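The following block contains the structure, expressed as structure tokens.
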Amino acid sequence: MEDEFLGFSEEYDNACENNADDETEKDVVVCSSEALETGFLNLTQMQPCTNEMSKGVVLEPRSKFERILKNLGVEVLFDESMKEFFRIGGDLNHAMWTRKLEAYMQDKAKKSELLTHFEEEVKTSASLLLCLAPTASSFGRQDTMFRAFLLCKSSQSKAFEVLMTALNDLATSNEENSKELAFACVSQIRYLEVSYDNQAIYQSVFDSKFDTWNPTTRDAFISALPEILTDPCAQQEAALELKDMLRSEVASAASFQTAILNSLNLLRMQPSVATEVRKFLCVNCMHVDATILPLITNFSLASISTDPSASFLDFLNDFSKFLKLDNLRTLRQSRGHLGTDSIVAATFASIMRYVQLDKKAWKSLSVFLCRNIDETENPEPDVGTSSKPRKYELFDLMLLFASLSSYGCPPAVLNHLKTCLTANPAVTDQFINLCKNALSFRKFRSEYLTAFISCARQCVWSLDENLRSFGSFIYKKLLVLTEKTNQQNVFEELLSHFSRGDVECSCVLEILNMVAEEHYNAIRDFIPLIQVYSAKMYSKNKAKFDPYLK
């Protein structure tokens with residue numbers, strides 16, 4: 001019976017081994033939940049009525065618990081493979097047997113005796129396995145014996161306490177089958193039709209010392225909490241508990257934090273609780289594993305979309321203040337992890353998806369990107385105000401480029417950036433450094449390449465020296481960093497400036513000259529294209545090119 005019963009755990013274990021590594025950027029807890037659900041269905045799925053399922057050799061009761069069950073019409077059998085299972089006698093299915101068990105426990109003395117022996121029975125692995133295995137009846141395969149005690153009002157609290165005790169022991173054990181039994185325990189408490197004592201169940205859950213559990217069992221249990229705690233009040237309290245657990249020092253912290261975020265996404269909360277959790281996540285976004293940054297973003301945006309009083313602008317302000325993208329890569333590499341390209345790209349993709357779907361989001365985004373240093377307290381200025389510009393963070397500038405690539409972006413967004421550069425030339429170096437960091441994120445650079453090109457083009461068009469300097473820098477970095485597949489687009493856009501005024505032509509020649517001196521390999525393949533454009537322009541205006549040909 002053990003191989004058949006525990007077969008689902010191989011699927012779960014494989015999913016965890018492939019996904020629970022801190023380096024991965026996949027959603028480990030989703031895999032865990034799917035594997036647990038498969039296990040639960042394997043345990044409880046009703047099969048067509050067959051006589052063979054209830055055939056076997058009847059074992060005489062070996063404990064007081066089995067004797068009580070026999071008096072209630074339930075026997076222990078083993079088949080030709082020596083696999084033990086409970087058989088429900090008579091014409092009863094699991095639901096009928098559960099009602100019979102509930103009626104039996106109306107007598108307080110009988111209830112006390114039965115639960116005492118039940119608690120004692122499941123202390124051994126063999127008996128626990130028997131109680132967690134599917135039962136049989138004349139109707140075919142039925143739900144487990146443990147599940148019957150969980151579904152009875154008279155025994156639910158005690159059964160849950162017993163199960164959590166067993167789960168705590170199994171999750172900290174190194175015995176061979178402990179992990180499989182632990183997964184089976186978790187599957188028992190998923191999809192309970194009703195909870196009779198929510199506070200007792202809640203207390204049993206959060207009295208557990210998750211920091212001592214093995215990571216796969218711990219994460220599977222955390223991911224199942226929305227299905228275990230069905231009461232709305234209990235779910236709110238659970239959300240606050242999970243929030244506080246997010247920074248716990250545990251093994252495989254990334255998978256633990258992923259499990260917490262996935263549970264938070266499913267728990268029901270009042271707006272005030274959701275705001276508290278969202279604020280905590282934003283403030284601590286640099287103190288958790290970087291892989292959950294997209295999950296923090298998704299949770300925050302989802303909580304805003306369901307709460308009319310929540311502010312998208314507040315979320316952007318929090319991320320601007322606390323999310324230090326320039327430190328994220330260094331921090332992650334210092335912990336021996338891979339880069340952050342996909343993480344950062346996924347974060348901005350989620351934000352821009354929200355902006356596209358929420359009709360009010362563009363206004364908040366414009367206010368955020370165009371606000372000035374004296375508007376933090378009252379961020380409702382007229383876009384394009386001439387107040388002293390604020391200091392841009394890397395998040396702000398990357399969000400600006402992400403916005404420029406989206407349909408519906410107001411012209412004021414780029415105009416404000418240009419105003420900052422023209423009104424305060426001293427910040428040009430700051431913007432160049434921020435842009436350098438933004439372009440260093442390969443996937444972000446690739447996804448928003450059109451925005452970088454558009455910004456560079458409009459800056460080079462300008463007569464202002466600071467704007468041309470900023471645009472020239474973007475073109476230069478794109479020529480050097482862009483992958484071969486997109487480099488052609490950058491070159492063609494840059495060389496198109498030859499057809500415009502003298503200032504732009506000089507700017508293009510300076511860019512090409514600098515790149516040729518410092519990164520010749522970046523333009524080697526495009527020399528024929530440069531020669532074609534140069535020949536055309538030289539024939540039109542020989543004097544313009546002569547200084548560069550000497």
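Loop only per DSSP, at most 16 neighbouring Cβ atoms within 10 Å: give me the GluC sites (Glu not before Pro) in the stretch 79-115, ordered by residue number.
Sparse-neighbourhood loop GluC sites (Glu not before Pro): GLU80.
Could I ask something else about it? So how far, in whole Å, is the C-alpha centre of the stretch 265-327 from the one of the stretch 441-465?
If we compute the Cα centre of each part, the gap is 29 Å.
Here's something else I'd like to know. So which of LYS83/LYS153; LYS436/LYS484; LYS321/LYS418; LYS359/LYS436; LYS243/LYS324; LYS153/LYS179 end up more than 27 Å apart, counting from Cα to Cα?
In this structure, LYS83/LYS153; LYS359/LYS436; LYS153/LYS179 exceed 27 Å between Cα atoms.
Take the Cβ-Cβ distance between LYS391 and GLU175 as r, set R0 to 60 Å, and report the resulting FRET efficiency rounded to the nearest 0.05.
Between LYS391 and GLU175 the formula returns 0.55.
Sticking with this structure for a sec: So, counting K/R as plus one and D/E as minus one, what does the shell of residues with Cβ under 10 Å around LYS477 add up to?
+3
Around ASN466, under 12 Å between beta carbons, what's the net of Lys plus Arg minus Asp minus Glu among the other residues?
-1
Once you sort the root eigenvalues of the Cα gyration tensor of the stretch 207-298 as a ≥ b ≥ c, which label holds: rounded (a/c under 1.5), prolate (a/b larger than b/c) or oblate (the other case)?
Taking the square roots of the gyration eigenvalues as a ≥ b ≥ c, the stretch 207-298 is oblate.
Just in the stretch 147-219: which trypsin sites (Lys or Arg not before Pro) are loop by DSSP and have at most 15 other Cβ atoms within 10 Å?
LYS153, LYS209
Follow-up. Between beta-carbons, use under 10 Å as the cut-off and find the net charge around ALA274, counting Lys and Arg +1, Asp and Glu -1.
Value of the local net charge: +1.
What ranking do ARG329, ARG99 get, fewest neighbouring Cβ atoms within 10 angstrom at the top?
Ranked by crowding around the Cβ, least crowded first: ARG99, ARG329.
Let me ask something else. Could you give the length gained on full extension between CYS233 and THR485, defined as 0.36 nm per residue of separation minus the Cα-Cα distance, in nm?
Here the answer is 85.3 nm.
Based on the Cβ-Cβ distance from MET82 to ASP197, what FRET efficiency comes out when R0 is 41 Å, to the nearest 0.05?
0.60
With label points built 7 Å along Cα→Cβ from the Cα atoms of ASN513 and ALA251, find their separation and express it in nm.
In this crude label model, ASN513 to ALA251 measures out at 6.3 nm.
Could I ask something else about it? If each residue of separation counts as 0.36 nm, what is the full-extension length gain between THR212 and VAL58 once their alpha-carbon separation is subtracted?
Full extension of this stretch gives 51.4 nm more.
Bear in mind that the values in this text are calculations on the coordinates, not laboratory data. Just so it is clear, the model here is predicted, and its values are computed rather than measured. Quick reminder, even Gly has a Cβ in these numbers, built from the backbone with ideal geometry, and neighbours come from all protein chains shown.
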